[in-house]
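None of the figures in this text is laboratory data; all of them are computed from the coordinates on show. Note that the structure is predicted; figures quoted are calculated from it, not measured. Please note: Cβ atoms are built from the backbone with ideal geometry, for glycine as well, and neighbour counts cover all protein chains shown.
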Amino acid sequence: MKGIKCMGMAVLAVAAAGAITGCGSDTDSSKVQIEILQYKPEAANYFETVEEKFNATHDDIELKISSPNDAMTILKTRFIREDYPDIIGIGGDINYSYFVDADILSDLSDYPGMKDVNPGYLNTAEALELVPTEGTYIMPYVANAAGVLYNREMFAEHGWEIPTNWEELNSLCEKIQSEGILPFYFGFKETWTCLAPWNAMAVELTPADVTKQVNRGETTFTEEFPELAEKFLSLLQYGPDDPFAYNYNDACTAFARGESAMYPIGSYACPQILSVNPDLDIDSFVMPATEKAQDRTLNSGIDLGFCVTAECKNKEAAYEVLDFLYEDENIQDYLNEQNAVPCKAGDFALAPMLDGMKDFITEGNVTDYQDHYYPSEMAVDAQLQSYLIEKDQDAFLEKFDKDWLRYNRDIIRLVAEYEAEQGADK
């Protein structure tokens, strides 16, 4: 299967083309140096604190954490130049899949702390592998959740009940509209916001491994996506007259000011919303796209995990850093700051805006974001926006299938080779 690795590195080379990077710092040569490059600039203050706390309590290791705005571009460029950080902090998405495929990451199966991770998120990481790969390559840190945020005070005032299936959701929206209130606000002027409701509905309306089924030639998106596409489009009737006139910040601001009862977005939007209205009482519920309440699942994936690169010179020191990051106190600090979901099992306090999702989190009834399997070159977010504007389902699904074959041809070939090898071994 080594031919696959060339594909992974080729993807990184294309993604990093034209990027410029450079770094350097004064370090104490008597200590082991461990560098983390993590991709969430919004958490930069948290990681500055973590770096200071670690260095103040460790005499033998010096930790440096960087949180650049363009982390993934910098990271891919450094990989091409064989200039590897010791640890990388990334999300569980297609980039992680490429990194595993390219043999860039170290197997963490021997890391003792792995036993403390919620098995559901380890399964999520394993599912992201382009083909099954022996070992564990990411230590899931925190997750996020996408569904529907709602104004708890407004719901209580009007006596509205949380919907548990698709029929109830539509009835609720019609009731809200009849009282002169806008059910949903969207931010569809920015294409990426289209992915939030799409993902939250997809986990209930399509198989969790639908992309892998397509890669194996067992089905097509034209066969699997019609109900999802139809219901996704139908949400527009419950939003503003022109849902494409407002960007993410506009939507967050409008919801914060009580201009809509609900907002279909992830928990990651809460800090932005509360920056506008700190007193807003936000809660959330799982998007009820299914016809049966018992078929619901929470759309949740690895928002941040840590990987030790294969080129790390001191894995023991890297593991000591991971131990520190995974201390309950540090995880709780991150949860408090970012309204995240812990991937570590334990008794953590979740933000109140996750109250309506707690049971799903506790039970492990979570399913990963489908766009974590989409190649960035396919620009699915832009395709979704175009579909919502043009409302041509047949054209949308036809293009989705056509583009999938185009941008995943190497992966599809890889899967075929793997399946052939597995068959030959039987």
Expressed in nanometres to one decimal, the distance between label points 7 Å along Cα→Cβ at Ala56 and Lys402 is 6.0 nm
So what J values fall out for the stretch 331-336 if you push phi through Karplus, 6.51 cos²θ - 1.76 cosθ + 1.60 with θ = phi - 60°, rounded to Hz, Gly and Pro as x?
4, 4, 4, 5, 4, 5
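Trypsin sites (Lys or Arg not before Pro) within the stretch 275-343: which are DSSP loop residues with at most 12 other Cβ atoms inside 10 Å?
Details: sites: Lys292, Arg296, Lys313, Lys315; in loops: Lys292, Arg296, Lys313.
Within the stretch 275-343, the qualifying trypsin sites (Lys or Arg not before Pro) (loop, at most 12 other Cβ atoms within 10 Å) are Lys292, Lys313.
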Cα shape, the stretch 214-315, gyration tensor, a/c 1.5 rule
oblate
What's the angle, to the nearest 10 degrees (0 to 90), between helix 195-205's Cα axis and the longest principal axis of the chain?
80 degrees
For q values of 0.15, 0.19 Å⁻¹, compute log₁₀ I(q)/I(0) with the Debye formula on a Cα-only model of the stretch 169-270, without solvent.
-0.67, -0.95
Which peptide among 243-251, 93-101 comes first, and what is the full order, when sorted by highest mean count of other Cβ atoms within 10 Å?
93-101, 243-251
Nitroxide proxy distance, nm - points 7 Å out along Cα→Cβ at Ala245 and Glu377:
3.8 nm
For the pair Glu316/Asp328, report the inter-label distance in nm, with labels modelled 7 Å from Cα in the Cβ direction.
2.9 nm
Check: the stretch 228-361 dipole with +1 on Lys, Arg Cβ and -1 on Asp, Glu Cβ, in debye
380 debye
If you put +1 on each Lys and Arg Cβ and -1 on each Asp and Glu Cβ, how big is the dipole of the chain around its Cα centre, in Debye rounded to 20?
860 debye
To one decimal place, what orientation-averaged projected area in nm² is obtained for the convex hull of the Cα set of the chain?
21.3 nm²
Determine the shape class of the stretch 356-413: with a ≥ b ≥ c the square roots of the Cα gyration tensor eigenvalues, call it rounded for a/c under 1.5, and otherwise prolate if a/b is greater than b/c, oblate otherwise.
oblate
With a Förster radius of 51 Å, plug the Cβ-Cβ distance of Glu153 and Arg81 into 1/(1 + (r/R0)^6) and report the FRET value to the nearest 0.05.
0.45
Output wanted: per-residue J couplings in Hz (rounded whole) for the stretch 40-53, from phi through Karplus 6.51 cos²θ - 1.76 cosθ + 1.60, θ = phi - 60°, x for Gly and Pro.
10, x, 5, 9, 4, 4, 4, 6, 5, 5, 4, 4, 5, 5
